[in-house]
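Take a look at the structure below.
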Amino acid sequence: MRVALTGAASFLGGRVLRRLAERQQQDELLVVDVAPPPAALGVRYRPLDLTEPAADQKLLDLLREEEVDTVLHFAFFTNPRRDQAHAHELESIGTLSLFAACAAAGVKRVLMRSFTAVYGARGHNPHFLTEDTPLHPNPVLGWARDKREAEQHAASFARRFPEMRVTVLRFAPLFGPHLHTFYTSIFDRRVVPVPMGYDPLIQLLHPDDALEAVDAALATWPRGAVNVVPRAPMPLVGALHLAEKLPIPVPHPVAYAASDLMWASGVADAPGAFVDYVRYPFLGDGARAKREMAFEARHTSKEALFAYLAYRYPGPQAPRRRREAATATDVEASA
Amino acid sequence: MSAGDKVVGIAGARRRRLHARSEGRVPATGPDLEALRARIDALEGELAAARASGAAPQGLLVALARIVQEGLSGFGWASLARTWREAYFAYHSEDVDDFGYDRKFTETLRPFFEFLYTVWWRVEVDGIEHVPEHGAALVVANHSGVLPYDGLMINLAVRHQHPGRREVRMLALDMFALLPFLAPMLGKTGAARANPDNGERLLRRGELVGVFPEGVKGVGKYYKDRYRLARFGRGGFVRLALRTSAPIVPVAVVGAEEIHPVIGKADWVGRPLGFPYFPITPTFPALGPLGLLPLPSKWALDFADPIDMQGYGPEAADDPILVNRLSEQVRSTIQRMIDGRLARRRSVWFG
């Protein structure tokens with residue numbers, strides 16, 4: 001098996017690359033990306049930009065030359081991009097080019113990374129989203145729209161080229177050590193605005209579980225989409241309290257408008273439409289992963305949250321702790 | 001021990017711990033898991049003790065006293081967050097089930113619910129023995145009263161009068177499950193959104209599931225249409241029961257129609273706010289928030305013989321004629337029980 005990997009610079013792509021590099025012959029692994037992987041891994045690297053006009057032809061030549069039979073497609077943005085046009089070129093059009101090249105080169109297996117957020121957080125969703133639930137993200141949210149288009153390309157190529165096995169893993173939001181995203185940064189603040197009168201269940205997936213799921217998928221190659229979710233969800237407000245944050249309820253129309261304003265002025269990391277995801281639940285159902293990949297997450301959402309917090313606030317040097325110590329001295333002084 | 005002693009006791013312990021930390025005797029780690037757990041355990045113990053001694057839970061009192069005390073020694077986000085957190089976990093558990101059911105939160109609200117059950121509406125229950133002792137079953141009732149109090153009362157009736165002390169997981173209308181405040185409240189007290197998938201999951205776990213097939217047509221009907229059952233949806237609840245072979249227990253709720261008599265509707269007000277309708281009652285919105293107070297009618301819940309689904313098999317769910325017949329059978333059973341109860345009732349307020 002010769003494996004090509006895109007998106008090696010992403011968090012999950014990088015982890016998968018490292019894990020495969022530990023396990024496999026170096027010449028069986030190929031990174032196809034705009035940036036080279038860490039030299040220490042010693043894996044082969046072919047530069048390619050999926051957004052350039054003739055990317056599909058270039059990738060096709062490359063796949064043929066290297067006799068690749070397995071492609072792992074991890075080139076997706078977790079954080080919303082200010083350059084929406086570029087994100088669209090990479091995620092939607094880039095995925096189209098990738099599948100076109102894979103189909104033409106006779107690649108046998110393609111694994112694509114996706115997100116449970118692509119289902120969209122809507123009040124009318126079923127409580128547990130199974131893989132056949134239609135994808136209905138908020139139409140104004142380019143971040144989710146591009147990922148849904150990528151999923152549609154994957155489904156379409158899987159239908160037209162049945163000899164190519166296409167597996168799509170829809171990961172719940174990753175949460176754990178070494179992760180820095182727009183949603184983990186919520187937990188870096190002391191005061192967190194939350195939509196007033198809403199407290200959805202959230203799923204936080206430990207990165208170790210995500211890697212196990214990739215392993216399970218590489219062993220079983222189920223056809224179509226599979227949710228990868230943690231063992232148990234938890235309520236959003238409870239999570240904020242466990243993380244010692246101060247949740248401030250804000251009426252949701254204000255939350256949408258204020259986030260949009262802050263995004264437009266460059267203060268916030270995400271546009272207002274993301275408020276959907278803290279207003280309504282989007283819980284993936286893990287039954288298919290269990291049935292077809294024998295995968296079940298080992299961590300709950302709470303464990304993933306604590307793993308992140310332990311990484312983020314490692315010891316006595318955390319600023320919050322210093323403040324507390326100072327307050328304690330004040331108390332003693334006044335007493 | 002008085003409430004005041006307890007407050008000082010906790011604050012003193014915290015001050016000692018902080019003092020110890022500032023001197024470097026206790027290693028301060030990030031979000032201190034052990035300390036957090038210990039603190040929550042302590043609060044839980046305190047809550048249990050308070051309940052055992054018959055006193056009201058003191059989480060809020062403790063929190064208020066803490067705020068005053070913190071205010072004396074300088075106020076910061078960290079101390080506010082801590083106070084807020086302790087108040088939160090006095091009423092919420094750390095772990096909920098995958099539908100969001102929070103037992104501790106439900107326990108907190110229980111005294112209020114029980115007041116409604118025993119004092120306000122003096123719920124009279126008949127035929128509770130028809131609810132199966134264990135295993136899945138679908139409790140089907142008529143829906144009325146603008147806000148879903150009827151589901152709550154069915155839940156309490158089964159919990160109190162039934163020998164199995166079972167919990168009824170209600171399937172709440174989408175409109176309730178989408179409204180701010182009501183949505184998390186329903187989820188935390190064990191309700192789930194009304195859709196076939198949720199119902200099937202709960203039934204397959206062997207739970208008792210409650211549904212109101214009339215839906216919004218029932219709960220928001222005019223006062224002049226009271227106790228006339230609306231159409232029972234499209235029989236989805238029967239298909240649910242057939243697929244899971246769960247027996248159906250019809251329930252008639254009498255008394256809920258009078259708690260919020262709807263004399264008019266101003267849908268143009270409700271729509272932009274996310275309500276499918278906006279009820280006008282003699283007290284709402286004329287009296288403002290006071291108009292949300294339900295009237296103290298006398299309630300009766302009648303449970304009928306369960307309708308067994310074992311004989312049909314799951315494939316019968318695809319037979320629309322059978323589904324409709326069973327749906328009509330349940331509807332007429334409930335209507336008959338309601339009519340019987342109304343004929344015997346002499347007063348709306350005293351039964």
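The values are calculated or read from the model by the stated rules, or taken from the named source; none is laboratory data. Since the model is a prediction, treat every value here as computed from it, not as a measurement. When we count neighbours, we look across all protein chains shown, and the Cβ atoms used for this are built from the backbone with ideal geometry, even at glycine.
General remarks:
- In the stretch B:185-212, the residue that is nearest to B:D102 (Cα to Cα) out of those that are in contact (Cβ under 8 Å) with a residue 40 or more places away in the chain, in contact with a helix residue (DSSP H, G or I) (Cβ under 9 Å, 6 or more places away or on another chain) and within 10 Å of chain A (Cβ to nearest Cβ) is B:K188.
- Residue check for B:S245: modelled with pLDDT of 90 or more and either within 21 Å of B:D308 (Cα to Cα) or within 14 Å of another protein chain (Cβ to nearest Cβ) (or both): yes
- Number of the condition not met by B:F75 [criteria: (1) modelled with pLDDT of 85 or more; (2) within 14 Å of chain A (Cβ to nearest Cβ); (3) not in a helix (DSSP H, G or I)]: (1)
- Single match in B:F89, B:F99, B:F105 (criterion: modelled with pLDDT of 90 or more, facing another protein chain (nearest Cβ under 7 Å), surrounded by 19 or more Cβ atoms within 10 Å (Cβ to Cβ) and within 26 Å of B:T189 (Cβ to Cβ)): B:F99
- Here B:A252, B:A241 are screened, and the one residue that is in contact with a strand residue (DSSP E or B) (Cβ under 6 Å, 6 or more places away or on another chain), in a helix (DSSP H, G or I) and buried (at least 24 other Cβ atoms within 10 Å of the Cβ) is B:A241.
- The residue list B:G233, B:G164, B:G210, B:G206 contains one member that is at positive phi and under 20 Å from the mean Cα position of the chain (by Cα), which is B:G206.
- Set A:V32, A:V16, A:V68: member being more than 30 Å from A:M262 (Cβ to Cβ), in contact (Cβ under 8 Å) with a residue 24 or more places away in the chain, surrounded by 23 or more Cβ atoms within 10 Å (Cβ to Cβ) and more than 21 Å from the chain's Cα centre (by Cα): A:V68
- Search result, residues across the stretch A:250-274 that are among the hydrophobic types (A, V, I, L, M, F, W, C) and either touching a strand residue (DSSP E or B) at 6+ places or on another chain (Cβ under 6 Å) or assigned to a loop (DSSP other than H, G, I, E, B) (or both): A:V250, A:A255, A:V267, A:A268, A:A270
- When we screen A:A257, A:A287, A:A294 for residues that are out of contact with any helix residue (DSSP H, G or I) (no Cβ under 9 Å at 6 or more places or on another chain) and aliphatic (A, V, I, L, M), the only hit is A:A287.
- Odd one out for B:G291, checked against (1) buried (at least 17 other Cβ atoms within 10 Å of the Cβ); (2) free of Cβ contacts under 8 Å to residues at least 60 places away in the same chain: (1)
- Any chance A:S97 is within 30 Å of A:S259 (Cβ to Cβ), polar (S, T, N, Q) and in contact (Cβ under 8 Å) with a residue 40 or more places away in the chain: no
- Residue list for the stretch A:118-163, filter: among the hydrophobic types (A, V, I, L, M, F, W, C) and in contact with a helix residue (DSSP H, G or I) (Cβ under 6 Å, 6 or more places away or on another chain): A:V118, A:A121, A:L129, A:L135, A:V140, A:L141, A:A144, A:A150, A:F157, A:F161
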